[in-house]
Amino acid sequence: MKGKLVRDKIPALTVANNQQVYVKILSKEEFQGALILELINKLGILKDGNEESNVEILAEAETIIRHLAEINKISPTAIETVYNKMVALKGNYSARLFMEIHDEKSSQ
């Protein structure tokens with residue numbers, strides 16, 4: 001038997017298609033771990049999709065991030081505040097910069 005984290009309505013939709021399912025309610029720790037794995041999975045397939053599927057994948061990722069924030073008692077406002085501070089202090093990724101640091105000692 002293979003399982004994965006699913007949205008709330010998926011088990012009922014699966015049963016409606018005459019498939020047998022077993023549903024387990026995860027503990028907070030299990031849920032957080034499953035959310036992180038699902039986020040990694042979603043972001044891993046992002047580069048392979050087209051624009052339409054990428055929009056769906058990013059929406060899924062945002063849903064997962066919102067649940068991770070909720071579990072950790074972090075409000076959307078707190079995330080937005082920290083985001084704005086980070087952009088003001090460090091900038092964002094719009095310049096598409098990739099930096100390599102070369103240690104002078106190791107190149108001798």
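Just so you know, all these numbers are worked out from the coordinates, no wet-lab data involved. Here the structure is a predicted model, which is why all the values come from computation and not from measurement. Every residue, glycine as well, gets a Cβ built from its backbone with ideal geometry; the counts of neighbours run over all protein chains shown.
Taken over region 64-100, the criterion of being surrounded by fewer than 10 Cβ atoms within 10 Å (Cβ to Cβ) and part of a helix (DSSP H, G or I) is satisfied by 77, 88, 89, 90.
Give me the residue from region 23-43 that is among the polar types (S, T, N, Q) and either in a helix (DSSP H, G or I) or touching a helix residue (DSSP H, G or I) at 6+ places or on another chain (Cβ under 8 Å) (or both) and, out of that set, nearest to residue 69 (Cα to Cα).
First pass over region 23-43, keeping only residues among the polar types (S, T, N, Q): 27, 32, 41.
Pick out the ones that are also either in a helix (DSSP H, G or I) or touching a helix residue (DSSP H, G or I) at 6+ places or on another chain (Cβ under 8 Å) (or both) and you get 32, 41.
Details: 32: 10, 41: 18 Å.
Filtering region 23-43 for residues that are among the polar types (S, T, N, Q) and either in a helix (DSSP H, G or I) or touching a helix residue (DSSP H, G or I) at 6+ places or on another chain (Cβ under 8 Å) (or both), the one nearest to residue 69 (Cα to Cα) comes out as 32.
For residue 103, the conditions (1) under 27 Å from residue 2 (Cα atoms); (2) over 16 Å from the mean Cα position of the chain (by Cα); (3) loosely packed, with under 10 Cβ neighbours inside 10 Å all hold with the exception of (1).
Can you find a residue that is surrounded by 10 or more Cβ atoms within 10 Å (Cβ to Cβ) and over 24 Å from residue 57 (Cβ atoms) anywhere in region 36-44? Outline the logic, then answer.
Restricting attention to region 36-44, the residues satisfying the condition of being surrounded by 10 or more Cβ atoms within 10 Å (Cβ to Cβ) are 36-44.
Retained after the next criterion (residues that are over 24 Å from residue 57 (Cβ atoms)): none.
Scanning region 36-44, I find no residue that is surrounded by 10 or more Cβ atoms within 10 Å (Cβ to Cβ) and over 24 Å from residue 57 (Cβ atoms), so the answer is no.
Once region 1-34 is narrowed to residues that are more than 19 Å from residue 60 (Cβ to Cβ) and β-branched (Val, Ile, Thr), the residue that is surrounded by the fewest Cβ atoms within 10 Å (Cβ to Cβ) is 25.
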